[in-house]
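The values are calculated or read from the model by the stated rules, or taken from the named source; none is laboratory data. Since this is a predicted model, take the numbers as computed values, not measurements. Here the Cβ is made from the backbone with ideal geometry for all residues, glycine too, and neighbour counts use every protein chain on show. Heads up: the accessible areas ignore ligands, DNA and RNA and are worked out on the full protein's heavy atoms, side chains in. Shrake-Rupley method; radii C 1.70, N 1.55, O 1.52, S 1.80 Å.
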Amino acid sequence: MRRSCALALMALGLGACATGAEDFAQGPGTASRSPTVQSGAQDAPPAQTLNERGLGAIIGKDANAVLSRLGAPRIDLTEGDVRKLQFANQACVLDVFFYPNGADARRIATHVEARLRTGVQTDRAQCLTALSG
């Protein structure tokens, strides 16, 4: 019985690995491609961009614009070419992810995650509003 359970868990783990890294990076939400790079450019493809009502104030903006809107972040983390800023107050925690965009490699906000202080996911736009006020 233990061996069966172990094999089942391994199969689930391998199945999770089979999904594309871009699927994992996107997380939940609706995604759409940002504008394409002009032909002939040898740069990485544009990042997938979250397209969700109420997030227009930060999606597609660079870190300076987001910092101007939300103030000092609780966490400012850079890993490789990705930057994450985390903002928090009593209402919620908001993570904003910045990925290189097109030929100029300028990092823009492409994805947002929001959760209550208890860790439960919450509405991203409502959290943004709560942090903006």
TODO: Residue by residue through segment 105-120, note down the ones that are open to solvent by 60 Å² or more (accessible area, probe 1.4 Å) and either free of Cβ contacts under 8 Å to residues at least 12 places away in the same chain or of a type in the set (Asp, Glu) (or both).
DONE: 118, 120
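So, in segment 92-104, exactly how many residues are open to solvent by 30 Å² or more (accessible area, probe 1.4 Å) and either in contact (Cβ under 8 Å) with a residue 40 or more places away in the chain or in a strand (DSSP E or B) (or both)? Reasoning before the result, please.
First, pick out the residues of segment 92-104 that are open to solvent by 30 Å² or more (accessible area, probe 1.4 Å): 97, 99-101, 103-104.
Still in the list and also either in contact (Cβ under 8 Å) with a residue 40 or more places away in the chain or in a strand (DSSP E or B) (or both): 97, 99-101, 103.
Looking only at that region, the number is 5.
Yes or no, residue by residue, for (1) surrounded by 12 or more Cβ atoms within 10 Å (Cβ to Cβ); (2) over 16 Å from the mean Cα position of the chain (by Cα):
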| site | (1), (2) |
| --- | --- |
| 57 | yes, no |
| 60 | yes, no |
| 64 | no, yes |
| 69 | yes, yes |
| 72 | no, yes |
| 76 | yes, no |
| 81 | yes, no |
| 87 | yes, no |
| 90 | no, yes |
